[in-house]
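The values are calculated or read from the model by the stated rules, or taken from the named source; none is laboratory data. No experiment lies behind these values; they were computed from the predicted model shown. Note that we place each Cβ from the backbone using ideal geometry, even for glycine, and neighbour counts take in every protein chain shown.
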Amino acid sequence: MNDFFAARSQMALSLGFHIIFSCIGMVMPFFMAISHYYWLRTGDVVFRNVTRAWSKGVAIFFATGAVSGTVLSFELGLLWPEFMKHAGPIFGMPFSLEGTAFFIEAIALGFFLYGWDKFNKWFHWFTGVVVGISGLASGILVVAANAWMNNPAGFTYRDGVYSDIDPIKAMFNDAWLSQALHMMVAAFVATGFAVAGVHALMVLKGKNVRFHSAAFRIAAAFATIAALLQPLSGDISARDVARRQPAKLAAMEAHFHTESRAPLIIGGIPDEERKEVRYALKLPALLSLMIDHDPDAVVKGLDQIPEADHPPVAVTHYAFQVMVGLGMFMVAVSILYYFIIWKKKRWRDKRWLLKLFVLATPMGFIAVEAGWTVTEVGRQPWIIYGIMRTRDAVTPMPGISYSFLLFSLIYLSLSVIVIFMLYRQIRMVDKLYDVPLPVFKNPEA
Amino acid sequence: MIYIVIGYLWASILLYLLLGGADFGAGIIELFTSRKNKEKTQHTAYKAIGPLWEANHMWLIIAIVILFVGFPAIYTTMSVHLHIPLLLMLLGIIARGTALTFRHYDAVVDDWQTLYRRIFTYSSFVTPLFLGIIAGSTVSGQIDTEAKTFAGAYLSGWLQLFPVSVGFFTVTICGFLAAVYLIGEATDEADKTRYRIKSRVFQNLAIFCGVLVFAAAAYEHIPLWSWVFGQPVGIAAVALASLSVILFRILLRRPGRQPLRMLAAFQICMILLVTTYHHYPDIVLLKNGHHLSLLEEQGQQKTTEALGWALILGSLFILPALFYLMYAFQMKSRKKVYGQATMHE
Ligand code: HDD
Ligand code: HEM
Ligand code: HEM
């Protein structure tokens with residue numbers, strides 16, 4: 001494996017790992033806040049138990065998210081020094097604000113996790129909400145940094161010199177809003193379906209049904225609403241990409257030739273040599289319609305872009321299909337769920353519905369990974385779109401493949417341990433939460 | 001504005017050394033605690049650092065962000081030539097943060113705890129070791145940006161006696177800080193005495209390693225002696241630090257913890273002052289005689305302005321909340337007696 005490829009793989013692996021934990025870190029506090037609220041309002045012990053059980057799981061995710069994030073802030077320099085040398089001062093604004101958001105999050109988390117029975121109960125509840133809000137804020141800020149790489153703004157570039165830097169303009173670049181919106185909704189979809197799926201499985205198994213039903217309902221509410229919104233936000237993103245990064249859009253759609261009445265290509269095997277897609281389903285004029293809201297619009301294909309600037313088509317195309325496909329499946333599950341509720345049926349009796357949720361457990365996260373693959377691979381060969389090539393940014397140090405191997409091993413073992421611990425948490429629900437334990441105090445006390 | 005940014009950089013390094021250092025030190029102390037007291041040390045230490053460790057460790061992130069936004073050339077030079085020690089420090093951070101959490105939140109307490117403990121204590125030792133090595137190598141003048149060989153460019157900048165002895169010095173400082181901190185957290189007299197002894201031992205070790213640092217510097221022709229004693233500020237700081245060591249020893253025999261903590265923090269502050277003052281504003285000395293200076297390597301005006309404002313605004317939010325966090329858990333933990341803390345179920 002050559003060092004350049006190893007560096008890209010290590011970056012992708014680290015980000016792909018971190019994103020799972022950061023999604024959970026952003027979204028779970030809101031689930032907990034709802035459940036916690038029910039407990040404080042109704043005094044129903046089930047909700048306290050759900051909040052507590054979740055908060056223990058979340059503590060594990062938080063720690064893993066924090067360390068993997070720390071790794072990233074070093075890795076940007078360890079792997080891409082040439083990039084950071086020029087980009088740091090320009091896109092650093094969101095990172096410096098993010099520091100504040102992380103800090104507040106860490107402080108609020110300290111209060112929330114360790115403050116049970118120690119503080120005024122509403123103050124304690126409120127610290128949980130602060131964790132969620134600052135988590136969302138930090139997510140939005142990092143995505144602004146990533147959006148800048150897709151849509152560099154806030155500086156003048158001439159002959160390798162970056163001048164007239166304006167960090168504020170760089171932060172509010174054109175891609176920022178659509179990407180941040182899409183990412184935040186995605187975090188809710190992914191975490192929501194993952195949590196709902198686990199609890200649905202336990203309900204199906206008939207274990208601690210009251211506990212798991214309460215948990216399921218909260219997670220499913222967030223998951224389904226977000227899933228229904230996601231295609232809308234995805235549409236905004238796609239049209240945005242068409243405008244600012246035509247090469248990425250062409251790669252996503254495996255759209256080799258510029259044409260009007262461009263078809264939407266679903267599935268198929270893109271052949272980059274012969275510039276065609278085999279075995280695909282082609283829906284005439286739909287792509288033109290989606291991008292420009294006009295079936296006769298011309299959509300730029302890869303033939304208008306210099307060969308040297310083509311992103312890898314196959315990977316981008318497959319990843320896009322995976323994201324949209326899973327997104328549509330989750331939309332379908334959500335509609336069924338609301339249909340059942342609307343018909344006033346008990347969702348708990350519909351075993352097939354629960355099975356669908358179990359099936360969807362990993363889907364949101366797979367869609368998130370696929371979506372990032374679209375964004376990042378689709379930006380290639382650029383690290384700063386149109387300005388700096390990824391190849392020119394990589395560290396001169398040889399031997400990165402060893403460090404990639406090392407990190408792969410670390411992330412693999414961390415994943416195994418986290419899954420193992422989560423499994424133990426869920427197994428312990430019987431013991432910890434079925435009978436009210438005497439150590440828990442009533443919040444009124 | 002640039003001076004404000006530099007002030008924040010210095011303060012976040014100091015705070016990371018103090019708070020993060022005490023945090024690492026807790027693990028180091030556990031590593032050197034007899035088996036029968038391990039359990040108790042773990043408990044006391046966790047109670048003290050549990051709510052705080054995420055926040056403590058944020059100082060490092062702030063320092064990194066200030067470096068890469070404000071002083072990109074310094075950040076990238078360090079990341080390229082100190083890649084290996086940075087990587088090893090990162091491994092320590094990963095191992096430590098996760099093991100600390102795992103051992104507390106694992107729903108079932110069984111043999112896995114031994115593994116978590118082992119990872120936690122060893123990585124508590126390794127992380128400050130490499131942190132110190134990195135700090136030492138920035139001033140050792142061995143980083144060679146023109147080297148043609150792998151060893152020259154990526155190893156000899158840090159794999160030298162001087163940086164390594166600074167690494168061990170950092171480890172002992174962390175152990176010292178933690179011991180002092182834990183004196184105040186311990187809930188019975190036997191424990192308090194144990195930590196008193198530990199803090200004395202670690203202070204002696206730190207002084208010993210400090211001497212080693214000077215010896216290594218002399219051996220490797222690093223004019224550390226004249227850096228420190230060549231100007232009045234250095235002499236004054238060393239004198240004050242020595243006085244405070246004596247005062248510390250006297251107070252160590254008495255009850256009360258606030259003055260001890262203050263003195264310990266003061267000593268660290270002086271050490272950092274001495275080691276950075278002579279070179280300011282240079283922070284990385286290269287082999288070719290060129291120095292990377294905070295004033296010369298700063299980015300463009302607007303970046304510095306924006307960074308400064310972000311830091312000022314951020315601290316308006318953070319500092320009150322952080323103080324309240326520390327204060328609140330101090331108050332609460334004082335009321336609790338060992339064994340009854342509800343957070344440990
Ligand atoms: C639960 C996850 C999820 C789901 C169901 C979807 N997406 Fe997505 N998508 C993401 C998760 C995601 C993501 C991982 O969050 C990305 C990566 C970068 C970003 O901002 O969001 C993304 C990126 C992304 C991009 C590239 C944006 C860019 O490079 O700026 C486009 C065009 C779409 N998505 C479009 C869609 C469409 C049309 C969907 C229809 C259902 C869809 N996404 C569902
Ligand atoms: C968390 C979600 C993210 C995922 C899953 C992700 C995924 C990836 C992938 C797959 C690559 C490799 C692309 C290739 O080599 O073909 C990559 C590269 C990279 N990403 Fe991301 N990315 C994410 C977010 C970000 C963010 C927020 C930033 C910066 C602020 C970022 C910065 C980079 C950099 C610097 C590279 C290396 C250069 C490159 O290959 O373009 N990424 N990422
Ligand atoms: C799209 C990509 C990303 C998103 C949405 C995201 C979001 C988050 C969130 C919400 C957290 C706090 C929650 C938790 O601790 O689990 C977090 C932690 C962290 N992230 Fe990311 N992040 C992304 C990429 C990055 C990148 C590229 C970097 C580094 C340059 C980074 C650096 C960090 C750091 C240092 C932390 C730890 C903060 C702490 O100690 O609490 N993140 N991230």
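Across the stretch A:75-99, the qualifying residues are those that are within 21 Å of the chain's Cα centre (by Cα) and free of Cβ contacts under 8 Å to residues at least 40 places away in the same chain, and the one among them that is farthest from ligand 2 (Cβ to nearest atom) is A:99.
Kindly establish whether residue A:100 is within 13 Å of ligand 1 (Cβ to nearest atom) and surrounded by 21 or more Cβ atoms within 10 Å (Cβ to Cβ). So that I can check it myself, show each step before the final result.
Details: within 13 Å of ligand 1 (Cβ to nearest atom): no; surrounded by 21 or more Cβ atoms within 10 Å (Cβ to Cβ): yes.
It is false that residue A:100 is within 13 Å of ligand 1 (Cβ to nearest atom) and surrounded by 21 or more Cβ atoms within 10 Å (Cβ to Cβ).
Residues in the stretch A:115-132: is at least one outside any loop (DSSP other than H, G, I, E, B), aromatic (Phe, Trp, Tyr), within 16 Å of ligand 1 (Cβ to nearest atom) and touching a helix residue (DSSP H, G or I) at 6+ places or on another chain (Cβ under 6 Å)? The answer is no, given that none of the residues of the stretch A:115-132 is outside any loop (DSSP other than H, G, I, E, B), aromatic (Phe, Trp, Tyr), within 16 Å of ligand 1 (Cβ to nearest atom) and touching a helix residue (DSSP H, G or I) at 6+ places or on another chain (Cβ under 6 Å). For the stretch A:191-204, the count of residues that are in contact with a helix residue (DSSP H, G or I) (Cβ under 6 Å, 6 or more places away or on another chain), within 15 Å of ligand 2 (Cβ to nearest atom) and closer than 13 Å to residue A:364 by Cβ is nonzero.
Could you pull out the residue among A:366, A:387 that is at pLDDT 80 or above, surrounded by 13 or more Cβ atoms within 10 Å (Cβ to Cβ) and more than 14 Å from chain B (Cβ to nearest Cβ)? Step through it out loud before you land on a result.
On the way: A:387 fails: at pLDDT 80 or above.
Criteria check complete, one pass: A:366.
Within the stretch B:94-132, the set of residues being touching a residue at least 24 places away in the same chain (Cβ under 8 Å) and more than 20 Å from residue B:174 (Cβ to Cβ) comprises just one member, B:104. Name the residues in the stretch B:95-122 that are facing chain A (nearest Cβ under 8 Å) and aliphatic (A, V, I, L, M), would you? Passing the criteria: B:100, B:107, B:108. Quick check: is even one residue across the stretch A:156-177 within 16 Å of ligand 3 (Cβ to nearest atom) and either surrounded by fewer than 19 Cβ atoms within 10 Å (Cβ to Cβ) or within 14 Å of the chain's Cα centre (by Cα) (or both)? Checked against the condition, which is being within 16 Å of ligand 3 (Cβ to nearest atom) and either surrounded by fewer than 19 Cβ atoms within 10 Å (Cβ to Cβ) or within 14 Å of the chain's Cα centre (by Cα) (or both), the stretch A:156-177 yields at least one hit. Here residue B:79 meets the list (1) at pLDDT 80 or above; (2) of a type in the set (Gly, Ala, Ser); (3) surrounded by fewer than 22 Cβ atoms within 10 Å (Cβ to Cβ) almost entirely, failing just condition (3). Residues in the stretch B:109-131 that are under 14 Å from residue B:31 (Cα atoms), surrounded by fewer than 18 Cβ atoms within 10 Å (Cβ to Cβ) and of a type in the set (D, E, K, R): 1 in all. Whenever a residue of the stretch A:4-17 is near ligand 2 (Cβ under 8 Å from one of its atoms), its partners that are at pLDDT 90 or above and assigned to a helix (DSSP H, G or I), lying with C-beta atoms within less than 6 angstrom and at least six residues away or across chains, give the pairs A:16/A:369. When we screen A:333, A:313, A:324 for residues that are buried (at least 17 other Cβ atoms within 10 Å of the Cβ) and more than 30 Å from residue A:213 (Cα to Cα), the only hit is A:313.
Tell me the residue from A:214, A:194 that is in contact (Cβ under 8 Å) with a residue 60 or more places away in the chain and away from ligand 3 (no atom under 16 Å from the Cβ), please. None of the others qualify; the one that does is A:214. Only one of A:309, A:296 is within 16 Å of ligand 2 (Cβ to nearest atom) and farther than 26 Å from residue A:225 by Cα. Can you tell me which? Checking each option against the conditions leaves just A:309.
Does residue A:248 qualify as being assigned to a helix (DSSP H, G or I) and within 14 Å of chain B (Cβ to nearest Cβ)? So that I can check it myself, show each step before the final result.
Values: assigned to a helix (DSSP H, G or I): yes; within 14 Å of chain B (Cβ to nearest Cβ): no.
No, not satisfied.
Quick check on residue B:247: is it modelled with pLDDT of 75 or more and either touching a helix residue (DSSP H, G or I) at 6+ places or on another chain (Cβ under 9 Å) or part of a helix (DSSP H, G or I) (or both)? So residue B:247 fails the test. In the stretch A:348-387, of all residues being within 16 Å of residue A:332 (Cβ to Cβ) and not in a helix (DSSP H, G or I), the one that is farthest from ligand 3 (Cβ to nearest atom) corresponds to A:350. Comparison of A:22, A:96, A:9 shows that the only residue that is at pLDDT 85 or above and more than 9 Å from ligand 3 (Cβ to nearest atom) is A:9. Screening the stretch A:18-51 for residues that are within 14 Å of another protein chain (Cβ to nearest Cβ) and more than 15 Å from residue A:187 (Cβ to Cβ) and picking the one that is farthest from ligand 1 (Cβ to nearest atom) gives A:48. Within the stretch A:63-88, the set of residues being under 15 Å from residue A:21 (Cα atoms) and at the interface with another protein chain (Cβ under 7 Å from one of its Cβ atoms) comprises A:63, A:64, A:66, A:67, A:70, A:71. Taking each residue of the stretch A:161-182 that is within 14 Å of another protein chain (Cβ to nearest Cβ) and looking for partners that are part of a strand (DSSP E or B) with beta-carbon atoms closer than 7 Å, six or more apart or interchain, yields A:163/A:156; A:164/A:156.
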